[in-house]
Amino acid sequence: MVEQIVVVGSGVMGRGIAYVAAHRGFQVTLVDIKEEYVKGALQELERIAEKGIIRGKMTTSEVEGLFDRLRLSTDLAEAAQQADLVIEAVPEQLSIKQQVFETLEANARPDCYFATNTSTMSPTEIASFTNRADRIMAMHFFNPVHLMPLIELVRGLETSDETVAALEQVARQMQKETVVIREFPGFVTSRISALVGNEAFYMLQEGLGTPEEIDKAIKLGLNYPMGPFELGDLVGLDTRLHNLKYLHEKLGEKYRPAPLLEQYVKAGRLGRKTGRGVYDYTNREVTS
């Protein structure tokens, strides 16, 4: 039974996963390499919780309970020793993930489950950094984690049925819906999202319309909750570009990144996190 969860990485996804897990009753440790990172994440989670109270989504006592169950740490080895489940949410670079999972393997109990929040990478390859491939799978959350209802569970080559059942139960306790799929580059959602977002950049590059017009067409014409540029700015255009490069390598020409997207990233226009992406957020209301 999973009661203690360690989340590795306090960026947008990691802190969101930690927030939802603590809200739904798990004891959670959020880990990152620097104290300033986890403290910054805590401040952002306090802001989200405050908005939840204002909007009537959470009570003051619920928020107090959430933060009572949330611990911050910069010591991954120590945190892993107490974990029933570790969810990795570090940047999409294999070398970083390898360091994390080798540390986890050396310190976590043999019965601890490992999950990776990767949106494109191979859980089978990630599992090779450990001696417990049967207890590892991808657990792909969506941004913003506290609002998005789905977790995409992706089996690696050796993932056991027991592991799938355990992580499905964790997702249910988090009040999330799940799909369980087998590993293939990009899974389901990232393959579709990358194509739509990349095609939108080709449209913008060709002068087909303004970002606002393209986003509005997709939202109202196809019933998407967010336009591709709004979503790209939220996720981070650097993340979108990295995923496209990976899918281009694995799946071929249809995923070749639009040159304009590459230009935006080179210019440092990465989205909300830098204040400017496709849209300028310096004087733009950002909701979450």
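FYI, it's all coordinate maths here, none of it is from the lab. All values reported here derive from a predicted model rather than from experimental measurement. Backbone-built Cβ (ideal geometry, glycine too); neighbour counts: all protein chains shown.
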Based on other C-beta atoms within 10 Å, arrange Arg276, Arg47, Arg135 from fewest to most.
Arg47, Arg276, Arg135
Express in whole angstrom the spacing between the alpha-carbon centres of region 23-40 and region 133-210.
22
Between the modelled labels at Asp134 and Lys245 (7 Å from Cα along Cα→Cβ) the distance in nm is 3.8
Out-of-range pairs (alpha-carbon distance over 26 Å; input Lys245/Lys273; Lys34/Lys176; Lys57/Lys216):
Lys34/Lys176; Lys57/Lys216
Where is the GNM fluctuation largest for the chain (alpha-carbon springs, 10 angstrom cutoff): Ser160, Ser61, Ser122?
Ser61
Quick one: if the Förster radius is 25 Å, what FRET efficiency do Glu253 and Met226 give, using the C-beta to C-beta distance and rounding to 0.05?
0.40
Going by how many other beta carbons lie within 10 Å of each one, how would you line up Asp134, Asp75, fewest first?
Asp75, Asp134
Using only the Cα atoms of region 171-288, build the gyration tensor, take square roots of its eigenvalues as a ≥ b ≥ c, and label the shape rounded, prolate or oblate: rounded if a/c is under 1.5, else prolate if a/b is larger than b/c, else oblate.
oblate
Return the single residue from Ala22, Ala106, Ala138 with maximal mean-square fluctuation; model: Gaussian network over the chain, springs between Cα atoms under 10 Å.
Ala106
Highest-MSF residue in the chain out of Ala89, Ala165, Ala80 [GNM, Cα springs under 10 Å]:
Ala165
Given the Cα-Cα distance of Ser95 and Gln43 and 0.36 nm per residue of separation, how much length would full extension add, in nm?
15.8 nm
Could you work out [θ]222 nm for the chain from helices alone, using -39500 (n - 2.57) per DSSP H run of at least four and dividing by all its residues? Round to the nearest 500 deg cm²/dmol.
-14500 deg cm²/dmol
